[in-house]
Amino acid sequence: VTDNIPALVGYFDREQNCLFSNVRARQTAGLDKSASLKGTTLRSALGKAVHAQLEPYLPVVFSGKKVRFPVRAPMHGREGYFQANLMPDKNLRGEVVGFYLMSFNITALKQAELRLAESELRLRAITDNMPALITYIDREEKITFANATSREWLGLDPAQVLGRHVQEVSGREVYESRRPMLARALSGERVEFEARM
């Protein structure tokens, strides 16, 4: 079963000796699928750099708790990203006698997140340098984006307006004068108007 799931699976005792690993884990560790695991430890299977990322979580799993965390590891000459899960194995007395390590390759997801973050940084750089106040208002009329011009025009840092209702930021009088236009925009219409502030 474990050889057919898209995950690296291993079992280690309290001394971090490897007692079981599935085919994917053996391949990643450079072990032949029929080779003996005798002498294979968590450190030798993962390498020094990856083991160092797991080490802070070992006391947690040995205390009897599950733990999940991201790991960066080399993969085919590039950097890969994995989600590691440590699960304690307890005997009938509730003592932790070892742990399971299950790891999933999340490189594609992480790369997509990094591309999105880069895209957001570019958008922020563009909007922060425009001489216009730009905000994004959601259906609950809360501000979810504001460019740097809000600092100059409203005296508020962009982070200060995020998650706040438009009325709370603009004041009741301004909000009431803009409310009909806001409702039209939220119903899908492009709205343009002039106003004094």
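Is region 66-146 rounded, prolate or oblate when judged by the Cα gyration tensor, a ≥ b ≥ c being the square roots of its eigenvalues, rounded requiring a/c under 1.5 and prolate requiring a/b larger than b/c? Can you show the working numbers first?
Details: a/c = 5.43, a/b = 2.13, b/c = 2.55.
Verdict is oblate for region 66-146.
If one takes the longest principal axis of the Cα atoms in the chain, at what angle in degrees, from 0 to 90 and to the nearest 10, does the Cα axis of helix 172-186 lie?
70
Given a cut-off of under 8 Å on Cα pairs at least six residues apart, what relative contact order in percent is computed for region 126-171?
Relative contact order comes out at 32 percent.
For the chain, report the accessible area per residue in Å² (1.4 Å probe, heavy atoms, rounded to an integer).
Here the per-residue accessible area is 68 Å².
If I model a spin label as a point 7 Å beyond the Cα along the Cα-Cβ vector, how far apart are those points for D32 and V60 in nm?
3.8
Compute the longest continuous run of the chain that contains no exposed GluC sites (Glu not before Pro); treat a site as exposed when its DSSP state is not H, G, I, E or B and it has at most 14 other Cβ atoms within 10 Å.
My reading of the result: 16-94 is the longest stretch.
Residue by residue, what Karplus-based ³J(HN,Hα) values in Hz, rounded to whole numbers, does region 116-132 have, using 6.51, -1.76 and 1.60 with θ = phi - 60° and x for Gly and Pro?
Each residue's phi maps through the Karplus curve to give 5, 4, 5, 4, 5, 5, 5, 4, 4, 4, 5, 5, 5, 9, 8, x, 8 Hz.
Under 10 Å, Cα contacts only: if you run a Gaussian network model on the chain, which one of A73, A45, A35 comes out with the highest mean-square fluctuation?
Largest GNM mean-square fluctuation: A35.
Please check: in the Gaussian network model of the chain (C-alpha springs, under 10 Å), which one of S103, S177, S150 has the largest mean-square fluctuation.
So, out of S103, S177, S150, the one fluctuating most is S177.
Read through the labelled values (1) 18.4; (2) 21.4; (3) 17.4 and report the label of the one computed as Kirkwood radius over Cα pairs in Å from the structure.
(2)
Got a sec to turn the phi values of region 89-100 into Karplus ³J(HN,Hα) couplings, 6.51 cos²θ - 1.76 cosθ + 1.60 with θ = phi - 60°, whole Hz, x for Gly and Pro?
Each residue's phi maps through the Karplus curve to give 10, 10, 7, 5, 8, x, 7, 7, 9, x, 7, 9 Hz.
For the chain, modelled as a Gaussian network with Cα springs under 10 Å, which listed residue fluctuates most, V71, V166, V174?
V174
Could you work out the relative contact order of the chain, using alpha carbon pairs under 8 angstrom and six or more residues apart, expressed as a whole percent?
Reported relative contact order: 13 percent.
Sequence-distant or interchain residues sharing an amide H contact under 5 Å with L156, placed H: which?
Long-range HN contacts for L156: R151.
Under 8 Å for C-alpha pairs, at least 6 residues apart: give me the relative contact order for region 83-127, rounded to a whole percent.
Rounded, it is 30 percent for region 83-127.
Quick one: which residues, 5+ away or cross-chain, put their amide H under 5 Å from the amide H of G98? H built at 1.01 Å from N.
The list, which skips near neighbours in sequence, is D89.
Could you go through region 137-153 in sequence order and give the Karplus-derived ³J(HN,Hα) for each residue, using 6.51 cos²θ - 1.76 cosθ + 1.60 with θ = phi - 60°, rounded to whole Hz, and x for Gly and Pro?
Computed from phi, the couplings for region 137-153 are 10, 7, 5, 8, 6, 9, 7, 10, 8, 8, 8, 5, 5, 4, 5, 6, 7 Hz.
Which percent of the accessible area of the chain is formed by carbon and sulfur heavy atoms (probe 1.4 angstrom)? Mind dumping the intermediate values first?
Details: 7260 of 13420 Å².
Accessible surface attributable to carbon and sulfur in the chain totals 54 percent.
For an R0 of 22 angstrom, estimate the FRET efficiency from the Cβ-Cβ distance between S44 and R14 and round to the nearest 0.05.
Taking R0 as 22 Å, the efficiency between S44 and R14 is 0.85.
Just flag the trypsin sites (Lys or Arg not before Pro) in region 53-149 sitting in loop per DSSP whose Cβ has no more than 10 other Cβ atoms within 10 Å. Mind dumping the intermediate values first?
On the way: sites: K65, K66, R68, R72, R78, K90, R93, K110, R115, R122, R124, R139, K142; in loops: K65, K66, R93, R139.
When the trypsin sites (Lys or Arg not before Pro) of region 53-149 are filtered for loop state and at most 10 Cβ neighbours within 10 Å, R93, R139 remain.
Suppose every K and R has +1 on its Cβ and every D and E has -1 on its Cβ; what is the size of the dipole of the chain about the Cα centre, in Debye to the nearest 20?
Dipole of the chain, to the nearest 20 debye: 660 debye.
The values are calculated or read from the model by the stated rules, or taken from the named source; none is laboratory data. These numbers come from a predicted model, not from an experiment. Every residue, glycine among them, receives a Cβ derived from its backbone with ideal geometry; neighbour counts consider all protein chains shown. Areas reflect the complete protein model, heavy atoms only, side chains present, ligands, DNA and RNA absent. Shrake-Rupley method; radii C 1.70, N 1.55, O 1.52, S 1.80 Å.
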